[in-house]
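Below you'll find the structure, written out as structure tokens, and then a few comments.
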Amino acid sequence: MLLVWFSTIVDYTVARRLGKMQDQTARRSLLLVSLVINLGLLGYFKYAEFLLGLFAEAVSVFGIVYQAPRLGIILPIGISFYTFQTISYTIDVYRRCMPATLDFWDFALFVTFFPQLVAGPIVRAEHFLPQCQTPRAATSASFSWGLSLMIFGLFAKIVLADNILAPVVDQVYANPDLYAWVDASIAALAFSGQIFFDFAGYSLCAIGAALCLGFSLPDNFRSPYAALGVSDFWRRWHISLSSWLRDYLYLPLGGSRAGGIRTSFNLLLTMFIGGVWHGAAMTFIVWGWLHGLLLVIEHGLRKRFKSWSPTPLMHAGLVILTFLVVTLAWIPFRAQGFDNLAAMIHALARANSSAVLAGYSRILVLLVISATLAWHWFTRHSTLEDRIGALPPLARGSLVAALLVAVVITSNGDSRAFIYFQF
């Protein structure tokens, strides 16, 4: 709490000063103060031990034995999320995209708003602070829809992610050497579903809780597994982070305006930062660079075939191909180190082994993933609210009641946290 309040006070003060200053050099220096403090805190608490470990490995190449000390750092709750929120606010004030808020308590509420504090969405000040200008009160419609979203989120997390998909993922990733390519493929598909239902479930809970208090938060997912290409995937997946990286990193670096080589560098650097943001581990860096490489390849293909228009059948095939590529890219994200990653890749290539997973587990995973892909395909141009709102009141109530019953039945006291809590 001391850290989040310190960041709140620093950026509130810096933004107030930025709003009054005219000298551009002084304004740039003040912005640098905010960036150094916020990123310095994030870097220390999240990456200090990781960097010390890398340093020890680097000097060992030269025969120097260095035992990195154990700092015993505990990652503060939500630091990755509220740091990006406060930085975006300060940068927006610096760019004169919005005025600095004069009300400290409004700004403090923006930073510490509990529904999305620990795992997003990463809310922009321009979206949240105007809502603080008038007293907030939930209407009966927003309150009931907020509770419904929380039930949808809990169903996605508890029933689909935790009870159907996670056991398969954990079983195979615990010892991939025991499993055949069929099992490894099923586990890879299962993790694609698990991480979506886990994180999208949390986002729905956060948005729903905010609605119950009279606040609106932006959507964080938009049918990501119906994406046509990796760039479209990032427009649909963890939208608050991908748009943050685009607006505050990729575009300031020059975006795609500075030639092919510079564009490729910008994409790789942006996705490297995106990978590092997720965690202090080389596997996250590999995952980020892999997505960066895929974006570079896609950017080149789009320039080469910019006049090509796919038929509906080709479009569907490219959507499935995108999903399979993203699924393979999730493997380093889930792997516990390079040894585990190599074992999973080896298992995927192992063609002479028989399946080990129980048949019903494989069937359940395939059913859930197939239903997910079908749902994303039919909702790729709409929202959950549009689809549910089109149902008759009796059907809506019956659906919510059925999901709530499923949540109660499958809740077994397991303490499996949301995946994105660790970031």
Along the Cα→Cβ direction, 7 angstrom out, place labels at L328 and K20. What is the inter-label distance in nm? 5.8 nm
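Please identify every one of the chymotrypsin sites (Phe, Trp or Tyr not before Pro) in the range 258-312 that sits in a loop by DSSP and has no more than 11 other beta carbons within 10 Å of its own beta carbon. Each step should come with its number before you reach the end.
On the way: sites: F265, F272, W277, F284, W287, W289, F305, W308; in loops: F305, W308.
Answer by residue number: F305, W308.
For the chain, list the DSSP H helices whose alpha carbon atoms reach 24 Å or more along the long axis and whose average Kyte-Doolittle value is 0.0 or above? Could the numbers behind the result be given before it?
Details: long enough: 2-20 (28 Å, 0.63); 24-60 (45 Å, 1.00); 181-212 (46 Å, 1.36); 260-278 (27 Å, 0.87); 282-304 (33 Å, 0.63); 312-334 (33 Å, 1.66); 359-378 (29 Å, 1.28); 393-410 (26 Å, 1.98).
Span-like helices, by this rule, are 2-20, 24-60, 181-212, 260-278, 282-304, 312-334, 359-378, 393-410.
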What FRET efficiency do you get for S216 and Y66 if R0 is 51 Å and r is their Cβ-Cβ distance, rounded to the nearest 0.05? 0.50
Tell me what the chain gives for mean residue ellipticity at 222 nm when only DSSP H runs of n ≥ 4 count, each as -39,500 (n - 2.57), the sum divided by the residue total, rounded to 500 deg cm²/dmol. -22000 deg cm²/dmol
The range 301-333: trypsin sites (Lys or Arg not before Pro) falling in loop per DSSP and having at most 16 other Cβ within 10 Å: K306
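Report the local net charge at G53: Lys and Arg +1, Asp and Glu -1, summed over other residues whose C-beta lies under 15 Å from its C-beta.
Details: positive: K46, R70; negative: E49, E57.
Combined, the nearby Lys, Arg, Asp and Glu give 0.
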Virtual paramagnetic centre 7 Å along Cα→Cβ of W181, amide N under 16 Å, in the range 321-365: 328, 343-356
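Could you work out the relative contact order of the chain? I mean the mean sequence separation of Cα pairs under 8 Å and 6+ apart, divided by the number of residues, in percent.
On the way: 521 pairs, mean separation 84.3, N = 423.
Worked out over the chain, it gives 20 percent.
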So how do V408, V10, V123, V93 line up by other beta-carbon neighbours within 10 Å, fewest first? V408, V10, V93, V123
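Read the figures in this text as sums done on the coordinates, not as results from a lab. Remember, it's a predicted structure, so these values are computed and weren't measured experimentally. All Cβ positions, glycine included, derive from the backbone under ideal geometry; neighbour counts span all protein chains shown.
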